[in-house]
Amino acid sequence: MAQFGGRLVVGLIGDPVEHSLSPHMHNAAFEALGIEARYELWPTAAADLGARVESLRRLGTLGANVTVPHKQVAIPLLDVISDTARRIGAVNTIVPRDGELHGDNTDAFGFGRSLAEVLAGRVASRALVVGAGGASRAVLASLQEAGFGEIVPVNRTQGKADTLAGSLDGSEWTAILVNPWNALAELAHSVSVLVNATSIGWHGEDLPFDLEVIAALPDDAVVFDLTYRSTALLRAASKRGLKAVDGLPMLVYQGARSFELWTGRTAPVDSMRQAVLAEQARRV
Ligand code: ATR
């Protein structure tokens, strides 16, 4: 972490950013470790992105997070891109280092930790990922890194899943097999992990697919929904006795990884999780 006389800053670049839980999570982490730094919201329109990214070179800036809609377009504005960010095609973390801006992506790490936590050493080999937007890119990369033998992306608009699968580098031990939307229930019989990476569930009680998909899963399957709260999907999975995991662990672990990149310190994960839970409870 750079030596600096004043208060250090880090911020979230996106549009919109007001809803973000990240300031609560990171400010709690700074406080827990006694670091004189502040996480701010930096709402940034597309036209201002270049200037905003350049401003990260200023003394006293620890770095930034990047969110929608800038995760992809920020890449050419940076000096160095990590292998993971390049593979996913998106950055969510920027770190100024020796005069250069480094772009990284900690979303895949966040999902991977949350997956490892729930699998607890159990070997899983086949995963079904529903959705082909920004969130699923990180999930697919993470499942690849975790060594899944077969990853099956399914999306309402199949062409987007084809493009996404084609853009990820191949791996010797992982096959990525795009399947049609109407094959979901049949595919569910033989997967150990099901991830809902569609935007359904963020608002309202809608289910991304029919309940017959949940009914078809094996008894030891794990269901992930990337939203930060209990959704109709997660409730249906729990009711069937399946392990159901929301997006909160992924949020906390991606944040912890970013925090470590900015500060070089071990992230106080429990403080970060508590801060997110407290803020969520306050918002209900
Ligand atoms: P994110 O960056 O959060 O992944 P996104 O890029 O807008 O968000 O992607 C949204 C995903 O949710 C897409 O996979 C989208 O499917 P389409 O590509 O067919 O649009 C999926 N999605 C949104 N609404 C949906 C619905 N009603 N039924 C099924 N999938 C839906």
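Each value in this text was obtained by applying a stated rule to the coordinates, not by laboratory testing. Because the structure is predicted, anything quoted here is derived from the model rather than measured. A quick note on method: Cβ atoms are made from the backbone with ideal geometry, for glycine too, and the neighbour counts reach across all protein chains shown.
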Task: Looking only at the range 43-65, and only at residues there that are among the hydrophobic types (A, V, I, L, M, F, W, C) and not in a loop (DSSP other than H, G, I, E, B), the one that is farthest from residue 16 (Cα to Cα) - done: 62
Open item on the list: Taking the criterion of being of a type in the set (S, T, N, Q), out of contact with any Ser or Thr (no Cβ under 6 Å at 6 or more places or on another chain) and farther than 19 Å from residue 91 by Cα, would at least one residue in the range 26-44 satisfy it?
Closed with: yes
Task: Breaking point among (1) in contact with a Lys or Arg (Cβ under 6 Å, 6 or more places away or on another chain); (2) not in a helix (DSSP H, G or I), for residue 68 - done: (1)
TODO: Scan the range 139-169 for residues that are more than 22 Å from residue 188 (Cβ to Cβ) and either within 16 Å of the ligand (Cβ to nearest atom) or part of a helix (DSSP H, G or I) (or both) and jot them down.
DONE: 141, 145, 159, 163, 166, 167, 168
Open item on the list: Which count do you get for residues in the range 21-39 that are of a type outside the set (Gly, Ala, Ser) and assigned to a strand (DSSP E or B)?
Closed with: 2
Task: Residues located in the range 73-89, provided they are in contact (Cβ under 8 Å) with a residue 40 or more places away in the chain and on the phi < 0 side of the Ramachandran plot - done: 74, 84, 87, 88
TODO: Starting from residues that are within 16 Å of the ligand (Cβ to nearest atom) and either among the basic types (Lys, Arg) or under 16 Å from the mean Cα position of the chain (by Cα) (or both), keep the ones in the range 228-254 and report whichever is nearest to residue 85 (Cα to Cα).
DONE: 254
Open item on the list: Only one of 154, 191, 139 is in contact (Cβ under 8 Å) with a residue 60 or more places away in the chain, crowded, with 20+ Cβ neighbours inside 10 Å and under 19 Å from residue 218 (Cα atoms). Can you tell me which?
Closed with: 191
Open item on the list: So residue 96 passes all but one of these: (1) outside any strand (DSSP E or B); (2) more than 16 Å from the ligand (Cβ to nearest atom); (3) closer than 27 Å to residue 20 by Cα; (4) not basic (Lys, Arg). Which condition number does it fail?
Closed with: (1)
- [ ] Only residues that are away from the ligand (no atom under 12 Å from the Cβ), among the small types (Gly, Ala, Ser) and outside any helix (DSSP H, G or I): list them for the range 170-227, please.
- [x] 170, 171, 175, 190, 192, 221
TODO: Only residues that are over 22 Å from residue 233 (Cα atoms) and among the basic types (Lys, Arg): list them for the range 109-164, please.
DONE: 122, 160
